[in-house]
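Some notes on the structure that comes next.
The values are calculated or read from the model by the stated rules, or taken from the named source; none is laboratory data. Computed from a predicted model, the values in this text were never measured in an experiment. Quick reminder, even Gly has a Cβ in these numbers, built from the backbone with ideal geometry, and neighbours come from all protein chains shown. The area values use the complete protein model at the heavy-atom level, side chains included, leaving out ligands, DNA and RNA. Shrake-Rupley method; radii C 1.70, N 1.55, O 1.52, S 1.80 Å.
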Amino acid sequence: MAFSHISVLLDESIRSLNIRPDGVYVDGTAGGGGHSAAILSQLTTGRLYCIDQDPEAIAAVSARFGDDPRCTIIEGNFGDMAALLQGRAVPAVDGVLLDIGVSSHQLDDGARGFSYHEDAPLDMRMSMSGMTAEELVNTAALSELTRILSVYGEEKYAYPISKGIVAARQERPVTTTLQLASIVRENVPQRVRRDGHPARKTFQALRIAVNRELDMLEKGLCAAFELLSPCGRLAVISFHSLEDRVVKHFYLEKAQGCTCPKDFPVCVCGNTPKARIITRKPIVPTQQELESNPRARSAKLRVCEKL
């Protein structure tokens, strides 16, 4: 299927980058190229580096921008941004945009295994390589499954769901999305089954674990900030509280000045702010955007500027 994805907070994120026509920018999660196209529309002699770990996304942006001399397309994870760009002799950039999480295309393509609405192999790999969700579900210990669902899914019923998975896989391997969704449904209270889909948090947790999303987010934030030139901006769109918390704390840490106790007469730590937070409160979608794209409902944009 064609790679389709509606870019969330498109205008807000592009404005937040404060783009210069001759600047150097990175779209670390290129997807279908919506944000990339908007950045390119503001460049003259500048350059854009499009990064994505999904081969299908790379194919989509290659078809869209492959002939544009201002654009370089790179297959890889934005967490490895430093190595990916330094290997191409890019010492610094003027802005980085990260649109975190699963794309509409990945959700809509049932064969990728991200959705609990369609029966498909239990995959969930954004890069289409490495450990699958099927392997994780069938090999992880009960304690590890419980930790994953509790921490990454903030799932209240992590233990009974994990216990149900372990019991089910002793009968036969858990190999499909609907098989897993059914196990979740059978191991939560009746009232939970009426409140949205009971497998949503489990699928989120497994997806995050399979793709090491939070680890790569922390790594990517550090790499992006180090690559920024003075006055360069880092804009990050997150879609759930775990991601947003990581971004928020990273910005606060970079914006923090002296850490000496308040009763010290003079500063001895020598710490100075390294960033200015542009968005004291996250930017969220307008009602108009939500009406056209309900999946944007949980999106939050945070922006900081390197000093």
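Miscellaneous remarks
- Proximal lysines relative to K306, as straight alpha-carbon distance under 19 Å, when same-chain residues fewer than 8 apart are discounted: K219, K248, K254, K274, K281
- In this simple spin-label model, placing a label point 7 Å from the Cα along the Cα-to-Cβ direction at both R276 and A167 gives a separation of 5.9 nm.
- Accessible area in square angstrom per residue, the chain, 1.4 angstrom probe: 47
- Label-reachable residues, the stretch 201-224, where backbone N falls under 17 Å from a point 7 Å from R295's Cα toward its Cβ: 201, 203-205, 207-208
- By the Stokes-Einstein formula, at 0.890 mPa s and 25 °C, the stretch 1-123 with its Kirkwood radius over alpha-carbon pairs has D equal to 164 µm²/s.
- Degrees separating the helix 177-186 axis from the principal Cα axis of the chain, which is the longest one: 70
- Fraction of beta bridges assigned by DSSP in the chain that are antiparallel (%, nearest 5): 40
- More than 17 Å apart - percent of Cα-Cα pairs taken over the stretch 98-174: 53
- Surface composition of the chain: carbon and sulfur make up 51 percent of the accessible area, probe 1.4 Å.
- Working from Cα pairs under 8 Å separated by at least six residues, relative contact order for the chain is 18 percent.
- Only the Cβ atoms of Lys and Arg (+1) and of Asp and Glu (-1) were treated as charged; on that basis the dipole of the stretch 7-72 about its Cα centre amounts to roughly 240 debye.
- Straightening the chain between Q42 and D195 buys 50.7 nm, computed as 0.36 nm per residue apart minus the Cα-Cα spacing.
- Partners of K163 within straight-line reach, counting aspartates and glutamates whose Cα lies under 19 Å from its Cα and excluding those fewer than 8 residues away in the same chain: E134, E135, E144, E154, E155, E171, E186.
- Overall dimensions of the chain by Cα: Rg and Dmax, Å: 20.8, 68
- Rounded to the nearest 0.05, the FRET efficiency derived from the C-beta distance between D11 and Q287 at R0 = 22 Å is 0.90.
- Look at the alpha carbon pairs under 8 Å that are at least 6 residues apart: their mean separation over the length of the stretch 191-307 gives a relative contact order of 30 percent.
- Under the criterion of Cα pairs below 8 Å and six or more residues apart, the relative contact order for the stretch 15-94 equals 32 percent.
- Paramagnetic reach from E186 (point 7 Å along Cα→Cβ, amide N under 16 Å) across the stretch 145-177: 160-177
- In plain terms, the C-alpha convex hull of the stretch 132-279 casts an average shadow of 12.6 nm² when viewed from every direction.
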